[in-house]
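All remarks here apply to the structure that follows.
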Amino acid sequence: TLKPVLLALLAPTAGDPTQPYLVAAVCAGALASIVLCPMEETRIRLVTDPDFGAEGLLDGLPALLEEEGPLTPFRRGILPMLAKQVPYTVGKQVSFDVFAGMLYGWLAALGVLATEGDRMGMIPEKEVALAVEIGAAFLASLVACLASQPGDVLLTATYKNGKDDKNGKDGEANCESDDDANENVGFGATISKVYQEGGGIAAFFRGLNARFFHVGCIITFQLVIYDQMKQFLGLPASGAH
């Protein structure tokens with residue numbers, strides 16, 4: 001939702017829109033991370049802490065902020081959330097536009113696509129729009145999953161570390177505060193722990209096959225619906241000439 005707004009603010013003066021696409025996607029991903037961070041913290045507490053005393057987001061989020069303060073979810077989770085959400089948004093939105101443009105260009109080069117200024121092709125551009133959307137969305141889903149998988153692993157490890165620390169302190173008579181323990185497991189320490197305990201770089205891509213299937217299907221449907229709605233509202237298809 002934020003990408004078209006930011007793209008309009010960063011409209012290119014030259015013909016190449018790649019840089020504004022990237023900046024808009026990065027800004028959208030960063031803003032989404034700020035919104036999602038306390039919600040993700042609440043979700044983790046709801047599924048891992050039976051004593052949390054909340055049943056959903058509406059009562060869980062206020063309870064979390066009252067218990068831990070408004071800044072704690074951001075101090076613990078904002079960096080891994082950025083590491084996941086920014087590459088995810090850039091990979092999804094920018095590569096979708098790029099792949100769609102490449103597919104349209106490839107079809108035009110083969111002489112099978114008839115654009116508004118060139119009626120020599122056999123197939124009108126509008127008739128292949130859906131096929132191009134599906135192909136570009138599928139390729140974009142692969143890029144988004146691959147780019148955001150390390151961040152997803154770090155985000156999971158961050159909250160797992162926080163849960164383990166809390167459980168460990170609960171069994172001790174003299175324990176440190178939750179804030180001190182959470183600060184001890186910082187973003188850099190989480191990266192090091194995943195790397196050392198998981199067997200190197202491959203640890204950051206653990207579970208990628210399942211994510212390709214799960215998240216890849218979601219992204220593909222999202223982008224196709226997004227582009228169809230653009231055309232329904234009178235806007236050109238992504239990548240169209």
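The values are calculated or read from the model by the stated rules, or taken from the named source; none is laboratory data. In this text, all values refer to a predicted model and were calculated from it rather than measured experimentally. Positions of Cβ are backbone-derived with ideal geometry, glycine not excepted, and every protein chain shown enters the neighbour counts. In case anyone asks, the SASA skips ligands and DNA or RNA and just uses the protein heavy atoms, side chains included. Shrake-Rupley method; radii C 1.70, N 1.55, O 1.52, S 1.80 Å.
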* **Residue within segment 76-93 that is touching a Lys or Arg at 6+ places or on another chain (Cβ under 9 Å), at pLDDT 80 or above and within 30 Å of residue 228 (Cα to Cα) present** => yes
* To do: Could you pull out the residue among 25, 108, 54, 32 that is open to solvent by less than 50 Å² (accessible area, probe 1.4 Å), in contact with a strand residue (DSSP E or B) (Cβ under 7 Å, 6 or more places away or on another chain) and modelled with pLDDT under 90?
  => 108
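Would you mind finding the one in 216, 199 that is among the small types (Gly, Ala, Ser), farther than 18 Å from residue 80 by Cα, out of contact with any Asp or Glu (no Cβ under 6 Å at 6 or more places or on another chain) and modelled with pLDDT under 85?
199
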* Asked: Of all residues in segment 35-51 being open to solvent by less than 50 Å² (accessible area, probe 1.4 Å) and under 15 Å from the mean Cα position of the chain (by Cα), which is modelled with the highest pLDDT?
  -> 37
* Asked: Do any residues in segment 95-112 that are without any contact (Cβ under 8 Å) to a residue 12 or more places away in the chain have Cβ atoms under 9 Å from those of residues that are surrounded by 12 or more Cβ atoms within 10 Å (Cβ to Cβ) and charged (D, E, K, R), where the two are at least six apart or on different chains, and which pairs are they?
  -> none
* State which residue pairs qualify: first residue within 18 Å of residue 36 (Cβ to Cβ) and inside segment 55-69, second residue open to solvent by 40 Å² or more (accessible area, probe 1.4 Å) in any location, beta carbons under 6 Å apart, and separation of 6 or more residues or different chains. => 60/46
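Yes/no matrix, rows are residues, columns are (1) on the phi < 0 side of the Ramachandran plot; (2) crowded, with 20+ Cβ neighbours inside 10 Å; (3) at pLDDT 85 or above:
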residue	(1), (2), (3)
122	yes, no, no
128	yes, yes, no
134	yes, no, yes
138	yes, no, yes
147	yes, no, yes
150	yes, yes, yes
163	yes, no, no
